[in-house]
1. Would you be so kind as to identify which of F16, N86, V32 lies farthest towards the positive end of the dipole of segment 13-124, taking Lys and Arg as +1 and Asp and Glu as -1 on Cβ and the Cα centre as origin?
2. Please give the length that would be gained between D52 and E21 if that part of the chain were fully extended, namely 0.36 nm times their separation in residues minus their C-alpha to C-alpha distance (nm, one decimal).
3. Show the residues, 5+ positions off or on another chain, whose built amide H is closer than 5 Å to the amide H of S13.
Amino acid sequence: MKTRHGFVSNSSSTSFIIDKESYSSIKDLTIVMMSQAEYDEKEIRSFIKDFDKIKKSIKSITFKTCNYDTYIVESKHKYYVTTCNNTDWDLPKHSDGGGADEEDSIYKKAMSVDLYYNVNLNKFTSDEKYFESEPDERICTFCNKRIWSYYLNEENKICCPKCHKSGIFPI
């Protein structure tokens, strides 16, 4: 996910709100979005099976979509969603941004949690983060690939977005 410090007008991302009346759970909304993002039945069944095994309440989810990852955060009455706008989402949106200020506010709420349940990895992770200091790329000591971003796992350790192991060191 790209870092955004304010609204970006030439962006492939979009943010919107969905009322909780439309979907009874974050799981139900995720299933609908995964099917619209062209996940196959096997992948969706796997998500359902893995999700149902988790004993703690899940209020935030992320999964891969077209250009950017999708992030969903559940609040008391709404779901805040930030995602790729290259998917033709057929969802009952309460708000589709309503302009630059509102879309930026929705984006910030969707990206406001420390850990998301990562559907693709079946574990909790942070959102994708980018290296800001020199050098701005690293080499993973496990897969030996150059990376420009990372995520944090539940133990707050830096993980490679390619092999998903922790142990990234500067070039």
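1. Farthest towards the positive pole: V32.
2. Working: separation 31, 0.36 × 31 = 11.16 nm, distance 2.15 nm.
Taking D52 through E21 to full extension adds about 9.0 nm, to one decimal.
3. Placed amide hydrogens put N85 under 5 Å from S13.
Where a number appears in this text, it was derived from the coordinates with a stated rule and is not lab data. Predicted, not measured: the structure shown is a model, and the values here were computed from it. FYI the Cβ positions are ideal-geometry reconstructions off the backbone, even for glycines, and counts take in every protein chain you see.
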